[in-house]
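Participant: Quick one: structure below, then a few questions.
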Amino acid sequence: MGEVLILVDHVDGKLRKTTAELLTIARRLGEPSAVHIGPGAETAQVTLAKYGASKVYVFDDEAALKNLVAPQAEVLAAVAAKTSPVAVLIPSNTAGKEIAARLAVKTESGLITDAVDVQAGEGGPVANQSVFAGSYTVKSQVTKGAAIIAVKPNSTAIEAAPAAGAVEKVEVTLSDLATAAPITDRQPKAKSGRPELTEAQIVVSGGRGTGGDFSPVEAFADSLGAAVGASRAAVDAGWYPHSNQVGQTGKQVSPQLYVAAGISGAIQHRAGMQTSKTIIAINKDEEAPIFELVDFGVVGDLFNVLPQATDEVKKRKG
Amino acid sequence: MNIVVCVKHVPDAQADRGFNESDNTVDRAGVDGLLSELDEYAVEEALKLAEASGGEVTVVTIGPDQAADAVKKALQMGADKGVHVNDEAIHGSDAPATSLILAEAIKKATDGNPELVITGMASTDGTMGVVPAMLAERLGLPQVTYASELTLGDGKVTIRRDNDANTETIEASLPALVSVTDQINEPRYPSFKGIMAAKKKPVESWTLADLGIDAGQVGLANAWTKVVEIAKRPPREQGEIVKDEGDGGTKLAEFLAARKFL
Ligand SMILES: Cc1cc2nc3c(=O)[nH]c(=O)nc-3n(C[C@H](O)[C@H](O)[C@H](O)COP(=O)(O)OP(=O)(O)OC[C@H]3O[C@@H](n4cnc5c(N)ncnc54)[C@H](O)[C@@H]3O)c2cc1C
Ligand SMILES: Nc1ncnc2c1ncn2[C@@H]1O[C@H](COP(=O)(O)O)[C@@H](O)[C@H]1O
């Protein structure tokens, strides 16, 4: 079986859930190896081995993460040149897709982004994508080079499968071009204490219907241990940070449960949440298009419905 | 400052978008198209920078005949000239091929010396958001993408980029490639004057041969990926919808309990 590379998704050495998801998927396609770029490889190694990484390729040079994406593509290309992998799996977030893009050009390999599932198939991995705001499901394959596939978070249930996780250092000299877009400042986002939007099992979002008061949305989210999202209308109005925007130009989420409160359900909003497993909406207007998608809908005022639901959830949870 | 902006003509997201059954490519003829809304931000940013520094804005598009409308709209907004790369062999090209053609078109439009290339963050049909990074790779330019703010000065471009964990400031010397998000500005509407003026602006039409690209490098048959199956998602089954009569919240909680979310 051929080697399958996965790019480790971490923030300052702390692994994100997608890493274990990518390893779980990689095992369907071949023998997984993890590529860890940046600090924290020693601690990460334990988890990477637990989820099936036979090898852990490590490149820990400050410059790699101090410049935008290009260095990471160079490191991956170097590892790919040595290992001739059958596939390279990368998290399908903004930076991940750009790393994948550059890697595809460097290695003359086909690229699939935004995969929501990947399975082994005849002639290589088959990736599922949800396109046109979720109205179509497309299965595709890479026909040239290694299959470079950017996979969305929450695309699979993670399973442990211990492997060696042998650490191997990667020697690459980064090009001048790779270090030509330095990140000169990095301001951490204020932490909300809630789960990260794209990783959350439950997301509760508010829109223009909140009139700027997100407190019932947040209270309901907290009763469920959920992340909070927002429509672009709410973000544009300055009621909630852009990093919480769900939709085409915000985050694409695919949780077990998505709750839309005071959101009409415009196509661009749907593009970010339509693959959620269960969808609930609360909206005053029974004609709102969001109701076309829901498993459960309440036609009513969110300022009445959400607080009542919050109390009831708390009561039931004890 | 001479600026090149890449703009794409896409099927209208409000329309019933679909695929050509014969070859699984996006249906670009049966659905009304328009300049990708996310590329309007790129055009606007280019116009603002050119207005401030004095310079020309050239818009480049790759696409079939109707893609000329995307160029026209950008010219109406105020861009100075257009380039439309149109060749039957391009049909069905994937992102690596698109970026290859765009790179050659940008070189030709700038005599091999682009100063600043601006793109949208993603096209609204493919939504891959990969062409800008590929272009940077191919052109050998610093990649400064997903700009929510941009400043230009001293031969340098500085942007703000937001990601999950933090907000970053990124800097690069010109020439550079920039992609912009929908947070960066408020695109202008073409004025009557702009619409009239656009009619006289030059638009060049180039084929693959004009760019020295072999047809065997692009198009559906030479794509590095292939679509094996397309299925229209069955409409979600209409769920239960209740009117709030003072117990809407309780009913919602009951639904959550029934679905084992509590
Ligand atoms: C290029 C482009 C990209 C875009 N990207 C995104 C994106 O990423 N994400 C996104 O969300 N949008 C995006 N949009 C915008 C999108 O088209 C809509 O404008 C936006 O989603 C509307 O937000 P909304 O549903 O909150 O507001 P509205 O459409 O105004 O809907 C508000 C809803 O709240 C209901 N309501 C009002 N008061 C109450 C109350 N007290 N209780 C219950 N319900 C109430 C109303 O009935 C209405 O249905 C994009 C648009 C473009 C052109
Ligand atoms: N056919 C095309 N013609 C011109 N520009 C394009 C084309 N395809 C993509 N682009 C540019 O690349 C950006 C990202 O596109 P994509 O990677 O397809 O999501 C767009 O916003 C455009 O600026």
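Participant: Kindly check whether there is at least one residue in the range B:104-115 that is under 19 Å from B:ALA223 (Cβ atoms) and near ligand 2 (Cβ under 8 Å from one of its atoms).
Facilitator: Within the range B:104-115 (the criterion being under 19 Å from B:ALA223 (Cβ atoms) and near ligand 2 (Cβ under 8 Å from one of its atoms)), the answer is no, since none of the residues qualifies.
Participant: Quick one: is B:ALA221 more than 11 Å from chain A (Cβ to nearest Cβ), under 30 Å from B:ALA89 (Cα atoms) and of a type in the set (A, V, I, L, M)?
Facilitator: In short, no.
Participant: Just to be sure I understand, how many residues within the range A:65-88 are in contact (Cβ under 8 Å) with a residue 40 or more places away in the chain and more than 26 Å from B:ILE170 (Cα to Cα)?
Facilitator: Final tally of qualifying residues: 8.
Participant: Would a scan of the range B:53-61 turn up a residue that is surrounded by 24 or more Cβ atoms within 10 Å (Cβ to Cβ), closer than 27 Å to A:ALA266 by Cβ, away from ligand 1 (no atom under 16 Å from the Cβ) and in contact (Cβ under 8 Å) with a residue 40 or more places away in the chain?
Facilitator: So far as the range B:53-61 goes, yes, one or more of its residues are surrounded by 24 or more Cβ atoms within 10 Å (Cβ to Cβ), closer than 27 Å to A:ALA266 by Cβ, away from ligand 1 (no atom under 16 Å from the Cβ) and in contact (Cβ under 8 Å) with a residue 40 or more places away in the chain.
Participant: Read through the list (1) surrounded by fewer than 20 Cβ atoms within 10 Å (Cβ to Cβ); (2) without any contact (Cβ under 8 Å) to a residue 60 or more places away in the chain, then give the number of the only condition that B:ASP69 fails.
Facilitator: Condition not satisfied by B:ASP69: (2).
Participant: Please work out which one of (1) open to solvent by 20 Å² or more (accessible area, probe 1.4 Å); (2) free of Cβ contacts under 8 Å to residues at least 60 places away in the same chain is the condition A:ASN93 fails and give its number.
Facilitator: (2)
Here's the yes/no breakdown for (1) farther than 30 Å from A:ASN283 by Cβ; (2) open to solvent by 70 Å² or more (accessible area, probe 1.4 Å):
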{"site": "B:ILE213", "(1), (2)": "yes, no"}
{"site": "B:GLY216", "(1), (2)": "yes, no"}
{"site": "B:ALA221", "(1), (2)": "yes, yes"}
{"site": "B:TRP224", "(1), (2)": "yes, no"}
{"site": "B:LYS232", "(1), (2)": "no, yes"}
{"site": "B:GLU237", "(1), (2)": "no, yes"}
{"site": "B:ASP247", "(1), (2)": "no, no"}
{"site": "B:LEU256", "(1), (2)": "no, no"}
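Participant: Looking at B:GLU204, B:GLU171, B:GLU186, which is the one that is open to solvent by 40 Å² or more (accessible area, probe 1.4 Å) and in a loop (DSSP other than H, G, I, E, B)?
Facilitator: After applying the criteria, what remains is B:GLU186.
Participant: Still on this structure, please answer the following. Does A:ALA77 satisfy the criteria of being facing chain B (nearest Cβ under 10 Å) and in a helix (DSSP H, G or I)?
Facilitator: Against the criterion (facing chain B (nearest Cβ under 10 Å) and in a helix (DSSP H, G or I)), A:ALA77 does not qualify.
Participant: Additional query: Being closer than 27 Å to A:ALA41 by Cα, crowded, with 18+ Cβ neighbours inside 10 Å, among the small types (Gly, Ala, Ser) and in the same structural domain as A:ASP9 (by TED's automatic domain parsing) is true for just one of A:ALA127, A:ALA163, A:ALA178. Which residue is that?
Facilitator: Only one candidate qualifies: A:ALA163.
Participant: Between B:ALA105, B:ALA133, which is more than 16 Å from ligand 1 (Cβ to nearest atom), open to solvent by less than 20 Å² (accessible area, probe 1.4 Å) and within 13 Å of chain A (Cβ to nearest Cβ)?
Facilitator: Result: B:ALA133 is the single residue among B:ALA105, B:ALA133 that is more than 16 Å from ligand 1 (Cβ to nearest atom), open to solvent by less than 20 Å² (accessible area, probe 1.4 Å) and within 13 Å of chain A (Cβ to nearest Cβ).
Participant: Could you list all residues from the range A:282-299 that are open to solvent by 10 Å² or more (accessible area, probe 1.4 Å), in a loop (DSSP other than H, G, I, E, B) and facing another protein chain (nearest Cβ under 7 Å)?
Facilitator: If the condition is that a residue be open to solvent by 10 Å² or more (accessible area, probe 1.4 Å), in a loop (DSSP other than H, G, I, E, B) and facing another protein chain (nearest Cβ under 7 Å), then A:ASP295 is the only one that fits.
Participant: Any chance you could count how many residues in the range B:1-10 are more than 14 Å from ligand 1 (Cβ to nearest atom) and crowded, with 21+ Cβ neighbours inside 10 Å?
Facilitator: 5
Participant: Could you say whether any residue in the range A:264-281 is basic (Lys, Arg), assigned to a loop (DSSP other than H, G, I, E, B) and touching a residue at least 60 places away in the same chain (Cβ under 8 Å)?
Facilitator: Scanning the range A:264-281, I find no residue that is basic (Lys, Arg), assigned to a loop (DSSP other than H, G, I, E, B) and touching a residue at least 60 places away in the same chain (Cβ under 8 Å), so the answer is no.
Participant: Continuing with this model, one more query. Say whether the condition of being open to solvent by less than 50 Å² (accessible area, probe 1.4 Å) and within 11 Å of chain B (Cβ to nearest Cβ) is met by at least one residue in the range A:232-240.
Facilitator: yes
Participant: I'm trying to understand the selection: among the residues of the range A:49-70, which are in contact with a strand residue (DSSP E or B) (Cβ under 6 Å, 6 or more places away or on another chain), under 17 Å from A:LEU5 (Cα atoms) and open to solvent by less than 60 Å² (accessible area, probe 1.4 Å)?
Facilitator: Residues satisfying the conditions are A:GLY52, A:ALA53, A:SER54, A:VAL56, A:TYR57, A:VAL58, A:PHE59.
Participant: For A:GLY247, are the conditions met, namely being more than 16 Å from ligand 2 (Cβ to nearest atom) and in contact with a Ser or Thr (Cβ under 8 Å, 6 or more places away or on another chain)?
Facilitator: In short, no.
Participant: Restricted to the range A:269-287, and to residues that are in contact with a Lys or Arg (Cβ under 8 Å, 6 or more places away or on another chain), over 14 Å from A:ALA234 (Cα atoms) and at pLDDT 95 or above, which residue is nearest to ligand 2 (Cβ to nearest atom)?
Facilitator: A:ILE279
Participant: Go over the candidates A:VAL86, A:VAL75, A:VAL46 one by one and state the one that is surrounded by fewer than 24 Cβ atoms within 10 Å (Cβ to Cβ) and under 20 Å from A:VAL167 (Cβ atoms).
Facilitator: Only one candidate passes the filter, namely A:VAL46.
Participant: In the range B:15-36, is there at least one residue being within 13 Å of ligand 2 (Cβ to nearest atom), crowded, with 20+ Cβ neighbours inside 10 Å and closer than 21 Å to B:ALA147 by Cα?
Facilitator: yes
Participant: Are any of the residues in the range A:186-203 of a type in the set (Asp, Glu), outside the structural domain of A:ALA266 (by TED's automatic domain parsing) and more than 18 Å from A:GLN252 (Cα to Cα)?
Facilitator: The answer is no; no qualifying residue exists.
Participant: I've got another one for you. Taking the range B:153-168, which residues are over 15 Å from A:GLN187 (Cα atoms) and surrounded by fewer than 20 Cβ atoms within 10 Å (Cβ to Cβ)?
Facilitator: Selection gives B:GLY153, B:ASP154, B:GLY155, B:LYS156, B:THR158.
Participant: How many of the residues in the range B:2-14 are more than 13 Å from ligand 2 (Cβ to nearest atom) and touching an Asp or Glu at 6+ places or on another chain (Cβ under 6 Å)?
Facilitator: 2
The values are calculated or read from the model by the stated rules, or taken from the named source; none is laboratory data. Worth saying up front: this structure is predicted, and the values here are computed from it rather than measured. For neighbour counting, all protein chains shown are included, and Cβ atoms are generated from backbone atoms with ideal geometry for every residue, glycine included. SASA here: full protein model, heavy atoms, side chains in, ligands and nucleic acids out. Shrake-Rupley method; radii C 1.70, N 1.55, O 1.52, S 1.80 Å.
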